[in-house]
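The values are calculated or read from the model by the stated rules, or taken from the named source; none is laboratory data. Nothing here was measured: the structure is a model prediction, and the numbers come from that model. When we count neighbours, we look across all protein chains shown, and the Cβ atoms used for this are built from the backbone with ideal geometry, even at glycine. Just so you know, the surface numbers come from the protein's heavy atoms only, side chains and all, with ligands and any DNA or RNA stripped out. Shrake-Rupley method; radii C 1.70, N 1.55, O 1.52, S 1.80 Å.
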Amino acid sequence: MIKVVIVEDEKMLRQGLRLTTPWSEFDCEVVGEASNAIEGEECILKLQPDIVITDIHMPQISGLEMIERVKDKVNCQFIIISGYDEFEYAKRAVHLGVKEYLLKPIDDNELMETLSRVVKAVQEQREYERVMSILEQWNAPPGNGCSIWINKKDVLDTYLEKAIAIIREQCMNDLSLKSVADQLYISESYLAKLFKNKTNYTFLELLTLY
């Protein structure tokens, strides 16, 4: 089950999100809610949710300030909700690693699409962490060539195949390691290590080959 925390000072919106969103369809459960960012910070650190949905403008401190204070202490995806369509807020949210930004009034279809993307990101991050845990237990040595990522039994195939498919399909675009990592919802450093350790190629070398 994917744990969700909602931080929103508007009671009606907070309750509406909690009660009317079909969380079970996304394998999600709202485990906590807060009416301001101070309470939200405490709730996030205590419950360690997978997804946090937060407003920007709230009493005391903003939702962005809250994210900045907790982002290194919790492994979760953030969805920003705001009534202010201002570039500076969106730019700061991107700088903090927030990939989803919704404007009030919230469109139901847009919310469902956003949840689908974020849930997928959480699931893929969980799978990556599971794989890395397995590799640590196995004390697996580095790969010895391309056959590693071609081997369908390799537990890292999911990420590598997706990354290689993106390179194959988008190699004529302005592609970068970060843009591929963003599409896979994993970090740039993780993806770089996967390429080097499991294929003996760097991202740039593989992109150049294609």
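Computed over protein heavy atoms with a 1.4 Å probe, the accessible surface of the stretch 153-210 works out to 55 Å² per residue. Between the residues 40, 66, 166, the greatest Cα displacement towards the positive end of the dipole of the chain, with unit charges on the Cβ of Lys, Arg, Asp and Glu, is found for 166. On the stretch 33-127, 47 percent of the accessible area sits on carbon and sulfur atoms, based on a 1.4 Å probe.
In the chain, the longest principal axis of the Cα atoms and the axis of helix 37-47 are about 50 degrees apart. The long axis of helix 157-170 is offset from the longest Cα principal axis of the chain by roughly 90 degrees.
With helices as the sole contributors, the chain gives -16500 deg cm²/dmol at 222 nm; each DSSP H run of n ≥ 4 counts as -39500 (n - 2.57), and the sum is divided by every residue.
Over all Cα atoms in the stretch 14-62, the spread is summed up by Rg and Dmax: 11.4, 34 Å. For the chain, the longest principal axis of the Cα atoms and the long axis of helix 188-199 meet at an angle of about 20 degrees. The phi-based Karplus calculation (6.51 cos²θ - 1.76 cosθ + 1.60; θ = phi - 60°) puts the 3J(HN,Hα) values of the stretch 72-77 at 8, 10, 8, 9, 8, 9 Hz, whole numbers, x for Gly and Pro. Protein heavy-atom accessible surface, 1.4 Å probe, per residue over the stretch 45-118: 53 Å². Any idea what % of Cα-Cα pairs in the stretch 1-92 are farther than 17 Å? Of all Cα-Cα pairs in the stretch 1-92, 44 percent lie more than 17 Å apart.
For residue 61, the residues 5 or more places off, or on other chains, whose built amide H falls under 5 Å of its own are 37, 38.
How large is log10 of I(q)/I(0) for the stretch 44-94 at q = 0.17, 0.23, 0.30 Å⁻¹ when the intensity is taken from the Debye formula with one equal scatterer per alpha-carbon? After summing over all Cα pairs, the log10 values are -0.50, -0.89, -1.32. Computed from the C-beta positions of residue 48 and residue 200, the FRET efficiency with R₀ = 30 Å rounds to 0.25.
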